[in-house]
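The numbers here are math on the coordinates, done by the rules we state, and not lab data. A quick note: this is a predicted structure, and the numbers were derived from the prediction, not measured. With ideal geometry, Cβ positions are generated from the backbone for all residues, glycine too; neighbour counts draw on all protein chains shown.
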Amino acid sequence: MILALLLFAASFDGEAALRHAAKLASLGPHPWGSARNSFAAQYVAAQFREAGLSEVRLQEFESHGIKGANVIGTLRARGPEFIVVSAHHDTVPDAPGAYDDGGGVGVLLEAARALARGGDRPRTIVFISFDGEEAWSTRLTTTAGSRAYLKALGPDARNLCAALVIEMCGWNKGSPVLHAIAYPAPLVTAPPLIAPGWLVRAAVRGTRDAGVPFDIGDPLIPWLYQPSVRAFHAVFYGDDLSFLQNGVPAVFV
């Protein structure tokens, strides 16, 4: 496993990830439901196929009268269990989304390409570029694409082990960090929804084994991070919200 992680770290192409972000941003703003956003989805699907993923498809959905499409590609393992690695290709209405989340999609695509070169894996990996993550801008709903994906899983939902959500990549000299963000639970008396400790520890251990350790929270104020996120709950931040609300362990990077 450690050797596989080291090979992945060595083969990941950051410059290619940046080129993907630039191509998506060149579309201009492409919010959920727009014609430009359909071009973004088609681009991601083509890159998934080129990366060597199988079963690449567009999962069309509609929410509050707005149509969209998630892009899904798979690296199969023998067993039924799977994990999701995701980003999102839609943008807010007034920005081209180079950072949020073209950079995340670039990382997703190059992670898929690097991992497709490996051999056997313990679990199937499902790579998804979600649509409608920025649905909050419509004031109708949030994280529309990931909610549609989870709803469509049906009985297969029992085999979904965890999700990694890639967001907002591309800060100059930035540091990759895991954000265990706390969201308010539907019931006021219930504890907040947050990435479970075992998943955060597993993610941190994996990055250290690969020789590219990730921080947890804000690297400038790590001592303040956990008390802050647990005291001030985020109403919305990313697609991890959909997974956590459906009882699926998820962490945001």
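Numbers below:
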read-out	value
For Glu167, residues with placed amide H under 5 Å, excluding near neighbours	Val253
Hull volume in cubic angstrom per residue (convex hull over the Cα atoms of the stretch 196-253)	98
HN-Hα J in Hz across the stretch 208-218 - Karplus 6.51, -1.76, 1.60, θ = phi - 60°, x for Gly and Pro	5, 4, 7, x, 10, x, 9, 7, 10, x, 6
Equivalent ellipsoid semi-axes - Cα gyration tensor, the stretch 126-183, angstrom	24, 18, 11
Loop sites in the stretch 206-253: chymotrypsin sites (Phe, Trp or Tyr not before Pro), DSSP, at most 11 other Cβ within 10 Å	Phe232
Estimated 222 nm signal from helices in the chain, with DSSP H stretches of n ≥ 4 weighted -39500 (n - 2.57), rounded to 500	-11000 deg cm²/dmol
Interchain or long-range residues, amide H under 5 Å from Leu178's placed H	Asp215, Ile216, Gly217
Mean Cβ neighbour count within 10 Å, used as a protection proxy, ranking 88-94, 157-163 highest first	88-94, 157-163
Förster radius 25 Å - calculated FRET efficiency between Arg201 and Ala46, Cβ distance, rounded to 0.05	0.10
Quotient of C-alpha Rg and 2.2 N^0.38 Å, computed over the stretch 98-235	1.15
Calculated from backbone phi, Karplus (6.51, -1.76, 1.60) coupling profile of the stretch 153-160 in Hz, x at Gly/Pro	5, x, x, 5, 4, 5, 8, 7
Spacing of the two label points (7 Å from each Cα toward its C-beta) at Phe39 and Phe236, in nm	2.6
Cα gyration tensor shape for the stretch 22-169, rounded if a/c is under 1.5, else prolate or oblate	oblate
Mean Cβ neighbour count within 10 Å, used as a protection proxy, ranking 145-151, 166-172, 42-48, 61-67 highest first	145-151, 42-48, 166-172, 61-67
Prolate/oblate/rounded label for the stretch 98-139 (Cα gyration tensor, a/c 1.5)	oblate
Stretchable slack from Ala152 to Arg76, in nm (0.36 nm times residue separation minus alpha-carbon distance)	25.4 nm
Distance from the stretch 125-186 to the stretch 211-253 (C-alpha centre basis), Å	12
